[in-house]
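The values are calculated or read from the model by the stated rules, or taken from the named source; none is laboratory data. Keep in mind that what you see is a predicted model, and the values were worked out from it rather than measured. Cβ: placed from backbone, ideal geometry, glycine included. Neighbour counts: every protein chain shown.
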Amino acid sequence: MKKILLSACLFIGCLLGSLWASDIPGKVDINTASVAELDTLPGIGPAIAARIIDFRTRNGPFRRSEDLLNVRGIGEKKFLKLKGRIVISLPEPQTVKPGPPVSRAGKAGQTPQPKRK
């Protein structure tokens with residue numbers, strides 16, 4: 001029950017967080033932005049925007065803003081110009097699927113034996 005409640009809270013928190021982040025004027029979410037949206041950032045043209053999306057596709061979502069430094073064409077100076085204009089939405093949490101119930105009397109799938117008198 002706790003896992004389900006925790007998963008629900010995380011999901012709602014991430015959903016609200018990503019909605020909030022996308023509504024900040026002038027900020028661009030680098031995990032969801034298109035080439036056109038990334039192109040609005042200072043020092044980012046269509047070529048570097050395409051590299052950001054390619055990097056994101058190959059390596060998964062950005063976890064920290066500093067991960068942009070791993071994209072070819074983005075160095076320390078360019079990153080410092082971008083840092084105040086970007087946000088990062090967190091990926092949706094993985095839901096844990098419950099497994100088959102386990103009997104407390106024995107191993108899973110075994111029927112408890114009746115007590116002998």
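Conditions (1) of a type in the set (Val, Ile, Thr); (2) at pLDDT 95 or above; (3) assigned to a loop (DSSP other than H, G, I, E, B); (4) surrounded by 11 or more Cβ atoms within 10 Å (Cβ to Cβ), marked per residue:
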| site | (1), (2), (3), (4) |
| --- | --- |
| Gly26 | no, no, yes, no |
| Arg51 | no, yes, no, yes |
| Arg56 | no, yes, no, yes |
| Lys81 | no, no, no, yes |
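Can you tell me which residue is surrounded by the most Cβ atoms within 10 Å (Cβ to Cβ) among those in segment 58-77 that are assigned to a loop (DSSP other than H, G, I, E, B), over 16 Å from the mean Cα position of the chain (by Cα) and of a type outside the set (Val, Ile, Thr)? Among residues in segment 58-77 that are assigned to a loop (DSSP other than H, G, I, E, B), over 16 Å from the mean Cα position of the chain (by Cα) and of a type outside the set (Val, Ile, Thr), the one surrounded by the most Cβ atoms within 10 Å (Cβ to Cβ) is Gly73.
Taking every residue in segment 45-64 that is at negative phi and pairing it with any residue that is aromatic (Phe, Trp, Tyr) and not in a helix (DSSP H, G or I), at least 6 positions away or on another chain, the pairs with Cβ-Cβ distances below 7 Å are Arg56/Phe62. Contact map, segment 31-44: residues that are charged (D, E, K, R) paired with residues that are at pLDDT 95 or above and outside any loop (DSSP other than H, G, I, E, B), Cβ distance under 7 Å, separation 6+ or inter-chain. Pairs shown: Glu37/Val28; Asp39/Pro46; Asp39/Ala49. Taking (1) in contact with a helix residue (DSSP H, G or I) (Cβ under 9 Å, 6 or more places away or on another chain); (2) surrounded by 15 or more Cβ atoms within 10 Å (Cβ to Cβ); (3) not hydroxyl-bearing (Ser, Thr, Tyr) in turn, Pro42 satisfies each apart from (2).
Within the bounds of segment 3-20, is there any residue that is in a helix (DSSP H, G or I), charged (D, E, K, R) and modelled with pLDDT of 60 or more? Yes. In segment 45-58, the qualifying residues are those that are of a type outside the set (D, E, K, R) and out of contact with any helix residue (DSSP H, G or I) (no Cβ under 8 Å at 6 or more places or on another chain), and the one that is nearest to Phe79 (Cα to Cα) is Gly45.
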